[in-house]
Amino acid sequence: MSRPRFLADHDLNESIVNGVLRREPAVEFVRARDVGLAGRLDPAVLEYAAGRGLIVVSHDVNTMPAHAEDRLALARPLPGLVLVRQSLPLARAIDNLVLIWSASEAEEWAGLIVFLPI
């Protein structure tokens, strides 16, 4: 069992990533732009995350869930997808992500598509 690790999609508000890391510096939160995924299509982001066991965190509630469901339908790995609506206050998003990291195991999120707040 291992702690959840995250990949911030290119559209995720940077303040969420920074807030999580301020609250809990031990969280692994990879930014899409830092690994060459800025502007890449959702399937490429999900493939990258799957290959590294990263839970994708995204504001893209319109297209990302369908691509994640496509992966699941094809029996492709999905370490997890956490969707954050733009209307969710930043503090709640940060609290929820820290809670996911501190109170669960990465394996519990495999194949799940969830919307915050949890």
Just one of (1) in a loop (DSSP other than H, G, I, E, B); (2) among the β-branched types (V, I, T); (3) touching a Pro at 6+ places or on another chain (Cβ under 9 Å) trips up V56, so point out which. (1)
Identify, please: which residue in region 77-118 is without any contact (Cβ under 8 Å) to a residue 24 or more places away in the chain and outside any helix (DSSP H, G or I) and is, among those, surrounded by the fewest Cβ atoms within 10 Å (Cβ to Cβ)? S87
Options A44, A38, A50, A68: the member that is hydrophobic (A, V, I, L, M, F, W, C), within 13 Å of I113 (Cβ to Cβ) and either in a helix (DSSP H, G or I) or modelled with pLDDT under 95 (or both): A68
Every residue in region 45-76 that is β-branched (V, I, T) and in contact (Cβ under 8 Å) with a residue 24 or more places away in the chain, please. V45, I55, V56, V57, V61
One residue is enough: does region 1-11 have a residue meeting the conditions over 15 Å from L112 (Cβ atoms), at pLDDT below 95, touching an Asp or Glu at 6+ places or on another chain (Cβ under 6 Å) and not small (G, A, S)? yes
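The values are calculated or read from the model by the stated rules, or taken from the named source; none is laboratory data. Predicted model, so just to flag it, every value in this text is computed and none were measured. Virtual Cβ from ideal backbone geometry, glycine too; neighbours counted across all protein chains shown.
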